[in-house]
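One structure coming up, written as structure tokens, with questions to follow.
The values are calculated or read from the model by the stated rules, or taken from the named source; none is laboratory data. Please read these numbers as outputs of a predicted model, since none were measured by experiment. Quick reminder, even Gly has a Cβ in these numbers, built from the backbone with ideal geometry, and neighbours come from all protein chains shown. Protein only, heavy atoms only, side chains kept; ligands, DNA and RNA dropped before computing areas. Shrake-Rupley method; radii C 1.70, N 1.55, O 1.52, S 1.80 Å.
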Amino acid sequence: MDSRSLAQRYNRGLRHADSMAVADVVPRLEAADRPLLVTHQHADRDSLGSALGLAALLDADATICTPNGVAGPAQSLVENTEMVGSSRDVDADVIVVLDAPSTERIAPVDPTGEQLVLVDHHTQGDLAEMATASLIDEDARSTAELVYRVATAADWPLTSAAAFPLVVGILDDTGFLQSAAPDQIRYVCELLPLIDGREGDLAELFDPTPQPGERMARLKATARARFYRAGPGVLGISHVGGFETAAAHALREAGVDCALVWSEQSDHVRVVGRCSAAFADTASLGEELLPALGTAHDGSGGGHHTAGVARLDDEAVRGADRTEAIKRAVEERTGSQFHPLDE
Ligand SMILES: [Mn+2]
């Protein structure tokens, strides 16, 4: 079927550009014999759920690649799945990147010169240019829902092996639907009847009891935080040894408009950011603030408007007051002076 008729057939309420992208991606995926499904580094449940879902949907010998391994909360998704950490030993005919916008986020995987299919909902990075076919929807709340949209458009049978990881991905990236739009609620309603009685597994995956270490990270982040004010906006910057995302959420829950939490990694400094939609209107985390911060320190940054991550690679930042450096980057991007809250 040519891509035009595919687009017409599957244009179920999708925007035109979207249905064309789906029509572009479907034949590439269907033609793959040995696809390598690549998540972003430290795969989360959306990235990994998308890869697991797609692996179950494709009639192919798929290999899942998780650069730098799988993040703690996603590990229970993959108890019996073999995965690789790089593309080195895999003879793949197509590389499919799920939930990552840039080569940086999938290193050491390098898709240069390969057939590349990209399915993602982050602010675009260099992979968009490199892709042979792509479905990029920055308004989507998860990559798992994009995989689901591709599957329904292509009429691929949705087994529970595919439905379960996809619903997990959507639920995770929407905070168990707290930040969902009507579309995500509809997808979850369509997928839940297909998960074959695994509702108990879902409940376990989203058990709100914090993981070991997470509670301490939230407490330490709060205790070490420095708070700054500019007009009505409050910024919180802190540092932890791990669980940066949970720590950023703790600061947001404490009431800051923007939380930035840094952690020392073996060879760089990682900064995780979370902010309110109003703050993102002044400076988008994924589009402006974190890329600017990363670039200023020989690294990079990206993500979504209200959530993102940066890596700082220069030597200078390693010895310096990182909190001060991060605060200055926020001041430069927002054009406001932030003053310590307790002054
Ligand atoms: Mn995602």
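Being over 23 Å from Leu77 (Cα atoms), modelled with pLDDT of 95 or more and among the small types (Gly, Ala, Ser) narrows it down to one of Ala277, Ala283, Ala250, so name that one. Break it down stepwise before answering.
Details: Ala277 fails: modelled with pLDDT of 95 or more; Ala283 fails: modelled with pLDDT of 95 or more.
Every option except Ala250 fails the conditions.
On the basis of being open to solvent by 40 Å² or more (accessible area, probe 1.4 Å) and at pLDDT below 90, does Asp267 make the cut? Break it down stepwise before answering.
Working: open to solvent by 40 Å² or more (accessible area, probe 1.4 Å): yes; at pLDDT below 90: yes.
Yes.
Limited to the stretch 91-107, what total is found for residues that are outside any loop (DSSP other than H, G, I, E, B) and open to solvent by 20 Å² or more (accessible area, probe 1.4 Å)? Spell out the reasoning first.
Just the residues of the stretch 91-107 that are outside any loop (DSSP other than H, G, I, E, B), to begin with: 94-98, 103-106.
Among the residues that remain, those that are also open to solvent by 20 Å² or more (accessible area, probe 1.4 Å) are: 103-105.
Here the count works out to 3.
Hydrophobic (A, V, I, L, M, F, W, C), touching a residue at least 24 places away in the same chain (Cβ under 8 Å) and either open to solvent by less than 40 Å² (accessible area, probe 1.4 Å) or part of a helix (DSSP H, G or I) (or both): does that describe Ile237? If you could, list the steps in order and put the result at the bottom.
Working: hydrophobic (A, V, I, L, M, F, W, C): yes; touching a residue at least 24 places away in the same chain (Cβ under 8 Å): yes; either open to solvent by less than 40 Å² (accessible area, probe 1.4 Å) or part of a helix (DSSP H, G or I) (or both): yes.
The answer is yes for Ile237.
Can you tell me which residue among Asp139, Asp110 is open to solvent by 50 Å² or more (accessible area, probe 1.4 Å), away from the ligand (no atom under 16 Å from the Cβ) and either modelled with pLDDT under 95 or farther than 16 Å from Leu36 by Cα (or both)?
Answer to the selection: Asp110.
Test Phe164 against the stated conditions and say whether it is closer than 14 Å to Asp46 by Cα, away from the ligand (no atom under 14 Å from the Cβ), at pLDDT 95 or above and of a type outside the set (D, E, K, R).
Yes; evaluated as a whole, the condition is true for this residue.
When you look at Ala144, is it touching a Gly at 6+ places or on another chain (Cβ under 7 Å), under 25 Å from Gly286 (Cβ atoms), within 16 Å of the ligand (Cβ to nearest atom) and at pLDDT 95 or above, yes or no?
Yes, satisfied.
Give just the number: which of (1) outside any strand (DSSP E or B); (2) away from the ligand (no atom under 16 Å from the Cβ) does Val117 not satisfy?
(1)
Could you tell me whether the stretch 68-90 includes any residue that is at pLDDT 95 or above, farther than 30 Å from Asp201 by Cα and crowded, with 18+ Cβ neighbours inside 10 Å? Lay out the reasoning, then the answer.
Here is the first cut: in the stretch 68-90, the ones at pLDDT 95 or above are none.
There is no residue in the stretch 68-90 that is at pLDDT 95 or above, farther than 30 Å from Asp201 by Cα and crowded, with 18+ Cβ neighbours inside 10 Å.
Applying the selection to the stretch 212-229, what residues are assigned to a strand (DSSP E or B) and either open to solvent by 40 Å² or more (accessible area, probe 1.4 Å) or in contact with a Gly (Cβ under 7 Å, 6 or more places away or on another chain) (or both)? Outline the logic, then answer.
Of the residues in the stretch 212-229, the ones assigned to a strand (DSSP E or B) are 226-229.
Those that are assigned to a strand (DSSP E or B) and either open to solvent by 40 Å² or more (accessible area, probe 1.4 Å) or in contact with a Gly (Cβ under 7 Å, 6 or more places away or on another chain) (or both): Arg226, Phe227, Arg229.
Looking at (1) open to solvent by less than 20 Å² (accessible area, probe 1.4 Å); (2) closer than 28 Å to Gly294 by Cα, can you tell me which one Ala128 breaks?
With (1) open to solvent by less than 20 Å² (accessible area, probe 1.4 Å); (2) closer than 28 Å to Gly294 by Cα applied to Ala128, the lone miss is (1).
Continuing with the same structure: Could you count how many residues in the stretch 123-161 are outside any loop (DSSP other than H, G, I, E, B), in contact (Cβ under 8 Å) with a residue 60 or more places away in the chain and either closer than 27 Å to Glu104 by Cβ or hydroxyl-bearing (Ser, Thr, Tyr) (or both)?
Filtering the stretch 123-161 down to residues outside any loop (DSSP other than H, G, I, E, B) leaves 127-130, 133-136, 144-154, 160-161.
Now restrict to residues that are in contact (Cβ under 8 Å) with a residue 60 or more places away in the chain: 133-136, 144, 146-154, 161.
So of that shortlist, the ones also either closer than 27 Å to Glu104 by Cβ or hydroxyl-bearing (Ser, Thr, Tyr) (or both) come out as 133-136, 144, 146-150, 152.
Qualifying residue count, the stretch 123-161: 11.
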